[in-house]
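Comments concern the structure below.
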Amino acid sequence: MREDDPTAEATELLQDLIRNECVNDGTVESGGESRSVDLLNGYLAGSGLDVERYEPQPGRASLVARIEGSDPRRRRCCSWVTPTSCR
């Protein structure tokens, strides 16, 4: 990763996610999202976020990361879905 490129970290992470080839063809066996969940879990390790992994079926995992805000009356939800149709 180049220190002088502010986009290098995001670019490297995105390239790694694309290499995982998590393709959902609509069948239960497809997807392999656990590869990307493992990658993102490792990336977020030590960040201070509360990270939880859910895997309702083998290989079909999701990752939820929470950060506590300072005002409990104001809640926000951000969602990112692993690109499942990219090849």
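The values are calculated or read from the model by the stated rules, or taken from the named source; none is laboratory data. It should be emphasised that the depicted structure is a prediction, and the values quoted were computed from it without experimental measurement. No Cβ is skipped: glycine too gets one built from the backbone with ideal geometry, and neighbour counts run over all protein chains shown.
When you scan segment 62-85, do you find a residue that is over 12 Å from the mean Cα position of the chain (by Cα), surrounded by 12 or more Cβ atoms within 10 Å (Cβ to Cβ) and at pLDDT 80 or above, even just one?
So far as segment 62-85 goes, no, none of its residues is over 12 Å from the mean Cα position of the chain (by Cα), surrounded by 12 or more Cβ atoms within 10 Å (Cβ to Cβ) and at pLDDT 80 or above.
Being in contact with a helix residue (DSSP H, G or I) (Cβ under 9 Å, 6 or more places away or on another chain) and without any contact (Cβ under 8 Å) to a residue 40 or more places away in the chain is the filter; apply it to segment 36-53 and report the residue that is surrounded by the fewest Cβ atoms within 10 Å (Cβ to Cβ).
Within segment 36-53, the subset in contact with a helix residue (DSSP H, G or I) (Cβ under 9 Å, 6 or more places away or on another chain) is 36, 39-40, 43, 51, 53.
Right, trim to without any contact (Cβ under 8 Å) to a residue 40 or more places away in the chain and you get 39-40, 43, 51, 53.
Values: 39: 17, 40: 20, 43: 15, 51: 15, 53: 13.
Looking at the filtered set, the residue picked out is 53.
Against the condition touching a Ser or Thr at 6+ places or on another chain (Cβ under 9 Å) and at pLDDT 90 or above, how does residue 16 come out, does it pass? I'd like the intermediate steps shown before the answer.
Values: touching a Ser or Thr at 6+ places or on another chain (Cβ under 9 Å): yes; at pLDDT 90 or above: yes.
It is true that residue 16 is touching a Ser or Thr at 6+ places or on another chain (Cβ under 9 Å) and at pLDDT 90 or above.
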